Amino acid sequence: MNIIGKRILLRNFIEGDFSFYNELEQNPITHKYESSAPDTIEIQNDFQTVLSDSNNNPREKYKLAICLKDDRKPIGRISIKLNWSEIREWEIGWALHSNFWKKGYATEAAELMIGYAFSDLNAHRVVAYANTENELSEKLMIRAGMIKDGILREVRYCNNKWCNESIYSVLEREWRQTE
């Protein structure tokens, strides 16, 4: 599977990507605003699940490598999963290696994945969640065309305290208006 953008492409992870995946997941900044960081065994198990999920048909989970088009080497990951089939809601998430921050790659990846959700997955709504302290993620959601639905109060225990999460979404009709 390949989703091709202007500067990046999204593709399935392959076995040879494990060292990058492991480095990304072990980086403390990747999980700074989450409940906990995975340990080595969890990362290995998650990577094997990502590989096997890519063979499912139909797929309800996609975790793809964000790659620069010229060399196809991963610089991050993006995921989308079916949250609620009755309302055709999919949840998107991402992590980018910090060497590639503030260059527009994560925004391009989010826009590509949201477009894929509406064009190929029959999504009605795409949502994303972010710890309210994670201002960079919130800015990315806005740049990707999402609108803030609200704040979920103290829904995650993070960094030894209860944290709030912002929820953003974009509806199919809103996305179609921007095409």
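Okay, here's what the table says:
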quantity	calculated
For the chain, cysteines whose Cβ has no other cysteine Cβ within reach (under 4.7 Å)	CYS67
Normalised contact order of the chain, rounded percent, pairs of Cα under 8 Å and 6 or more residues apart	19
Accessible area (Å², per residue) of region 1-104, counting only protein heavy atoms and a probe of 1.4 Å	57
Long pairs among LYS32/LYS81; LYS61/LYS102; LYS6/LYS139, criterion Cα-Cα beyond 25 Å	LYS61/LYS102
Cα gyration tensor shape for region 25-76, rounded if a/c is under 1.5, else prolate or oblate	oblate
Sequence ranges 152-161, 58-67, 17-26, ranked by mean other-Cβ count within 10 angstrom, highest first	58-67, 17-26, 152-161
Within the chain, percent of DSSP bridges classed antiparallel, to nearest 5	95
Formal net charge of residues neighbouring GLU108 (Cβ-Cβ distance under 12 Å; K, R +1; D, E -1)	+4
Paramagnetic reach from ARG59 in region 1-18 [backbone N under 13 Å; point 7 Å along Cα→Cβ]	1-4, 10-14
Length released on extending from ASN83 to LYS6, taking residue separation times 0.36 nm less the Cα-Cα span	24.9 nm
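The values are calculated or read from the model by the stated rules, or taken from the named source; none is laboratory data. These numbers come from a predicted model, not from an experiment. Quick reminder, even Gly has a Cβ in these numbers, built from the backbone with ideal geometry, and neighbours come from all protein chains shown. Note: accessible area is taken over every heavy atom of the protein model, side chains too, but ligands, DNA and RNA are not part of it. Shrake-Rupley method; radii C 1.70, N 1.55, O 1.52, S 1.80 Å.
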